[in-house]
Structures are given as structure tokens and as C-alpha cells.
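A short worksheet on the structure shown next.
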């Protein structure tokens, strides 16, 4: 992924706007800083002055947003994964549980393919 370049003021505004839109809560720079203080790599860009240049990788920007939304209680985890992989990881403690989960995921895939065919909107890849 690429990087995003902001001025400090624009960076804080962008983060605050996205978090505010998704959570309904407006945050100041100081509030955001305190919410991510234990993660120095997330807090570093929030320390930049209003006119300083901030360069942040897009995945780190996304992670900052997720962490703030998690701290606000808006999402259940700061880590958003791929649902089938998350299910396999959650239900793979035993061989039997993993086999059942794989079967359920295969049934779900088959159902989605049938629904796609029936809708006339094309067939999903997979």
C-alpha cells in the first residue's frame, strides 16, 4: 500500500472526521493522543504540529482509525479480519471442529453461488 501525506492540522481533521462520522463522537487531538498513547507508532503522527508534514502509510492510517473506534466502543475489536479466516481460526482447536467449520464454509459458498446465479447478476468467482 502507499503513503498519505498531510499537514498536521489536516491529519487531525481527517482522523477526527472519519471517527466522528462512524461513531458520532468528535475527538480532539489530545483525546486521540491519550487513546493511542500505549501504541507509540500510532501516536507519533498525532504529535506533529499543525504545519508539520505528516507521512503515514495507508494501512497505519486504517489501523489508527480502527483503534480509536475500538477504544470508543464502536467496534468489538481493533483488528478486522476476513470472516472465513476468522471463523477457521476461532473453531480449529480440534480436528473435528475444523472439519465442521470447513463444511459450513463450503455450504455458505455454494449457497452464495446459487443465489448469485438465481439473481441473474452474474456468478461470483470462486
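For region 34-82, filtering for residues that are at pLDDT below 90, part of a helix (DSSP H, G or I), in contact with a helix residue (DSSP H, G or I) (Cβ under 9 Å, 6 or more places away or on another chain) and farther than 14 Å from residue 5 by Cα leaves 4. Summed over region 12-32, residues that are in a helix (DSSP H, G or I) and over 18 Å from the mean Cα position of the chain (by Cα) total 5.
The values are calculated or read from the model by the stated rules, or taken from the named source; none is laboratory data. Please read these numbers as outputs of a predicted model, since none were measured by experiment. Every residue, glycine as well, gets a Cβ built from its backbone with ideal geometry; the counts of neighbours run over all protein chains shown.
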